[in-house]
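Heads up: the structure comes next, in C-alpha cells.
The values are calculated or read from the model by the stated rules, or taken from the named source; none is laboratory data. The structure displayed is predicted, hence computed values, not measured ones. Note that we place each Cβ from the backbone using ideal geometry, even for glycine, and neighbour counts take in every protein chain shown.
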Amino acid sequence: MKKFLFASSVLLNLAAAAQTFDIVPLGVYGGEREDNLSSYLISQYQKNEFLALDAGTINAGIRKAIALKTFDVEEEKVLRDYIKGYFISHGHLDHLSGLVINSPADSKKNIYAIPFVQDILVNYYFSKDTWVNFTDKGNNPIGKYQLIPLQLGAEHQVTGTGLSIKAFELSHTKDYKSSAVLVGSHDDYILYLGDTGADRIENSKNLEILWKSIAPLIKNKQLKAIMIEVSFPNSQPENLLFGHLTPNLLQEEFIKLSAFAGQENLKGLKIIITHIKPSGKNPEIIKQELQQNNPLQLQYIYPVQGSLLSF
Ligand SMILES: [Zn+2]
Ligand SMILES: [Zn+2]
C-alpha cells in the first residue's frame, strides 16, 4: 500500500511538473459578441503572472473566470495585479477595445507590440481625442502604460512574468500588418497568432517564415500548442476572406508546416482554434469541417471563456 501511494504521488508530481503554462481565455470570438472577443491570459503554470495575448474583452472575461472558479479573487485584483502586461497583435478593435475601456481602472504596466501596431494605438485609440492617452508616447501622454516596441525575431522579456516573447509579422489583408508571438518559459513554448490570412491568398511569405522558425521546436517536442484563428467556414469565397483563415486554408498552411517539421511530429499537436466569427451556425460548421478533414491528426481545442487550460 505504502509502495503504491509512493508510486502514485511520484506520478502525480511528474504530471504536475509536465505543465508549463496556464491559459485563461477572457474572450474567444472574432466579432459581434462584445463581451467575448479575442483575449487570452498566459502565465507560467500556477503563477498567476499573466501576459494578455490581445485584449478584445477584459472585464466580462475576468467576471466569467471568477464565476467558473478559475480565479478566487476580486475582479480588480485580476486586472491590476494578475495581468502584468499586454501583447496587442494588431490594431483592430476586437483585439484591444477591452484594454482601452478598462485603462482608467488598470495599474501601471507594459504594452508590447510591433511598431506598426504601436502607431495605431497612439494615433487612433490613446489619442487624447478619442480617449485619454494612458501610454507614454504621442499626444499628452499620462504614462501609465509603457509601450515596448517588439523587434521581429528578437527575444524580449515580459516584465513580472518569467515569460519571454518573440514577434513575427503576419499579413491581414494587403499592407495591413498583424503579428504573432512565440511565448517561452524555460525550454517550452506556445505560439499565438493574431488575425492572419493564408500566404497564397495574401501573396505573402510571412507564415512560411514563421513555420520554418518554429519547426525545430516541434521536432524537439518543445512547442506545447499553437493558438491560431479560423474565422470563416469553407463556404466563404476566397475574395471575401478579409485576411482570415478557413478550415481548408488552415490545412493548407499546416501541410506546409509539416514539410519543415516532419509529418509524424505534428500528430497530436495541440491546436487552439481562436477567433471564430459567431454568426449563424458558423461555430458548429467550422468544428465539423476541421474534424472531417484532419489528415495530419492534429488535436483541436476550442477555448471557452473563463475556463482554464494548462499545457
Ligand atoms: Zn479580429
Ligand atoms: Zn483583425
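Within the range 94-109, residues that are in contact (Cβ under 8 Å) with a residue 12 or more places away in the chain reach partners that are acidic (Asp, Glu) and away from ligand 2 (no atom under 16 Å from the Cβ) with beta carbons closer than 9 Å, at six or more positions or on different chains, in the pairs LEU99/ASP106; ALA105/GLU76; SER107/ASP81. The residue of the range 82-98 that is farthest from ligand 1 (Cβ to nearest atom), among those that are part of a helix (DSSP H, G or I) and within 21 Å of GLU49 (Cα to Cα), is TYR82. State whether one or more residues within the range 140-153 are assigned to a strand (DSSP E or B), within 16 Å of ligand 1 (Cβ to nearest atom) and within 28 Å of GLY31 (Cβ to Cβ). No, the conditions are met nowhere in the range 140-153.
Here SER127 does not qualify as within 16 Å of ligand 2 (Cβ to nearest atom) and assigned to a loop (DSSP other than H, G, I, E, B).
To keep it simple, each residue is scored yes or no on (1) outside any loop (DSSP other than H, G, I, E, B); (2) at pLDDT 95 or above; (3) touching an Asp or Glu at 6+ places or on another chain (Cβ under 9 Å).
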residue	(1), (2), (3)
LYS3	yes, no, no
VAL10	yes, no, no
PRO25	yes, yes, no
SER43	yes, yes, yes
GLY61	yes, yes, yes
LYS64	yes, yes, yes
ASP72	no, yes, no
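If you go through the range 99-122 and keep only what is part of a helix (DSSP H, G or I) and in contact with a helix residue (DSSP H, G or I) (Cβ under 7 Å, 6 or more places away or on another chain), you end up with VAL100, ASN102, ALA105. Considering only the range 140-153, I want to know if a residue exists there that is away from ligand 2 (no atom under 16 Å from the Cβ), of a type in the set (Gly, Ala, Ser) and without any contact (Cβ under 8 Å) to a residue 40 or more places away in the chain. Checked against the condition, which is being away from ligand 2 (no atom under 16 Å from the Cβ), of a type in the set (Gly, Ala, Ser) and without any contact (Cβ under 8 Å) to a residue 40 or more places away in the chain, the range 140-153 yields at least one hit.
The condition of being touching a strand residue (DSSP E or B) at 6+ places or on another chain (Cβ under 9 Å), closer than 21 Å to THR159 by Cα and surrounded by fewer than 19 Cβ atoms within 10 Å (Cβ to Cβ) holds for ILE142.
Confirm whether GLY184 is touching a residue at least 60 places away in the same chain (Cβ under 8 Å) and within 19 Å of the chain's Cα centre (by Cα). Considered against the rule, which asks whether it is touching a residue at least 60 places away in the same chain (Cβ under 8 Å) and within 19 Å of the chain's Cα centre (by Cα), GLY184 comes out as no. Of all residues assigned to the range 178-194, none qualifies as being within 16 Å of ligand 2 (Cβ to nearest atom) and surrounded by fewer than 16 Cβ atoms within 10 Å (Cβ to Cβ). A search for C-beta distances below 7 Å between a residue of the range 25-41 that is within 14 Å of ligand 2 (Cβ to nearest atom) and any residue that is hydroxyl-bearing (Ser, Thr, Tyr) and part of a strand (DSSP E or B), counting only pairs 6+ apart in sequence or on different chains, returns GLY27/SER39; LEU37/TYR29; SER38/THR274. The criterion of being touching a residue at least 12 places away in the same chain (Cβ under 8 Å) and farther than 24 Å from ALA65 by Cα does not hold for ILE228.
In summary, LEU290 fulfils each of the numbered conditions (1) under 17 Å from ASP199 (Cα atoms); (2) in contact with a Leu (Cβ under 8 Å, 6 or more places away or on another chain); (3) assigned to a helix (DSSP H, G or I) with the single exception of condition (1). Screening the candidates PRO233, PRO216 for the property of being crowded, with 18+ Cβ neighbours inside 10 Å, over 18 Å from the mean Cα position of the chain (by Cα) and not polar (S, T, N, Q) yields one hit, PRO233. Considering the range 157-175, the residues that are outside any loop (DSSP other than H, G, I, E, B) and in contact (Cβ under 8 Å) with a residue 40 or more places away in the chain include one that is farthest from GLU49 (Cα to Cα), namely SER171. When ARG63 is tested against (1) charged (D, E, K, R); (2) at positive phi; (3) more than 16 Å from ligand 1 (Cβ to nearest atom), just one condition goes unmet, and that condition is (2).
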